[in-house]
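Written below as structure tokens is the structure these notes are about.
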Amino acid sequence: MSTTAQPSTESKERRLKQYLRERAANGELYFKGKFIADDVGMSPKEIGALMVKLSESATDLEIEKWSYTSATTWRVEPA
């Protein structure tokens, strides 16, 4: 069985980080993973897991869990 058909976690992380950089370039961005899932080609669950990882590792973005109402709302802004 080949694993090349599935994008690696690292490439998904890069894709999500680039998307967030572009969207937050002019200021704060608030979003729920389920609303950007199609834009980045990932499931909301994948986005949530990557957001936690990015919030700890991204030095060029400030990422925080903002609130929870039926899904986590994230706040992102350039660092």
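The values are calculated or read from the model by the stated rules, or taken from the named source; none is laboratory data. Please read these numbers as outputs of a predicted model, since none were measured by experiment. Cβ placement follows ideal geometry from the backbone for every residue including glycine, while neighbour counts extend to all protein chains displayed. We work out accessible area using only protein heavy atoms, side chains counted, and drop any ligands, DNA or RNA first. Shrake-Rupley method; radii C 1.70, N 1.55, O 1.52, S 1.80 Å.
What does the accessible area per residue of the chain come to in Å², with a 1.4 Å probe and no ligands, DNA or RNA counted?
66
Tell me the net charge near Ala79. Cut-off is 9 Å between Cβ atoms, Ala79 excluded, with +1 for each Lys or Arg and -1 for each Asp or Glu.
Spelling it out: positives minus negatives among the neighbours equals -3.
Check Phe31: other-chain or 5+ apart residues with amide H under 5 Å from its amide H, H built from backbone geometry?
So Phe31 has HN proximity to Trp74.
Quick one: pull the percent of accessible area on the chain belonging to carbon and sulfur, 1.4 Å probe, ligands and nucleic acids left out.
50
What is the packing order of peptides 19-25, 62-68, taking the mean over residues of other C-beta atoms within 10 Å and listing the highest first?
Descending mean neighbour count gives 19-25, 62-68.
So for the chain, if I pair up every lysine 8 or more residues apart or on another chain, how many of those pairs have alpha-carbons under 15 Å apart?
11
Taking Rh as the Kirkwood radius computed over C-alpha pairs, what is the Stokes-Einstein D of the chain at 4 °C in a medium of viscosity 1.567 mPa s, expressed in µm² per second?
101
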